[in-house]
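The values are calculated or read from the model by the stated rules, or taken from the named source; none is laboratory data. Only a predicted model underlies this, so the values are computations on that prediction, with no experimental measurement involved. As a convention, Cβ positions derive from the backbone with ideal geometry for all residues, glycine included, and neighbour counts pool all protein chains shown.
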Amino acid sequence: MIRKNIINKILKENKEYFEAFEQYDKTKELPIGRKRIDITLDVRIIKKLREIKNKTGKPISQIIEDNLKKELSEKSAF
């Protein structure tokens, strides 16, 4: 019984990694890292992103990613 408890603990603590490897088994791609995409945004949003970029020094992609992560985590288990 101790072994089963230890295994369950390891699985629970490392769920994210086991899911990544499961995804790799299905697709042969790890769901980690970064990937370039093309998106279309309103001109006013682009202007605001550039202002934030100039103020913070962060790249626009990082600003978008940070805000998307925040939005997604508020709405679901990201």
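Here residue 54 meets each of (1) assigned to a helix (DSSP H, G or I); (2) surrounded by 11 or more Cβ atoms within 10 Å (Cβ to Cβ) with one exception, condition (2). Would you be able to say whether some residue in the stretch 50-57 is at pLDDT below 90, more than 17 Å from the chain's Cα centre (by Cα) and not polar (S, T, N, Q)? No; the residues of the stretch 50-57 include none that is at pLDDT below 90, more than 17 Å from the chain's Cα centre (by Cα) and not polar (S, T, N, Q).
When 41, 49 are screened for being surrounded by 10 or more Cβ atoms within 10 Å (Cβ to Cβ), touching a residue at least 12 places away in the same chain (Cβ under 8 Å) and in the same structural domain as residue 68 (by TED's automatic domain parsing), only 49 passes. Taking the listed residues 23, 62, the one that is among the polar types (S, T, N, Q), more than 30 Å from residue 11 (Cα to Cα) and free of Cβ contacts under 8 Å to residues at least 60 places away in the same chain is 62, with no other qualifying.
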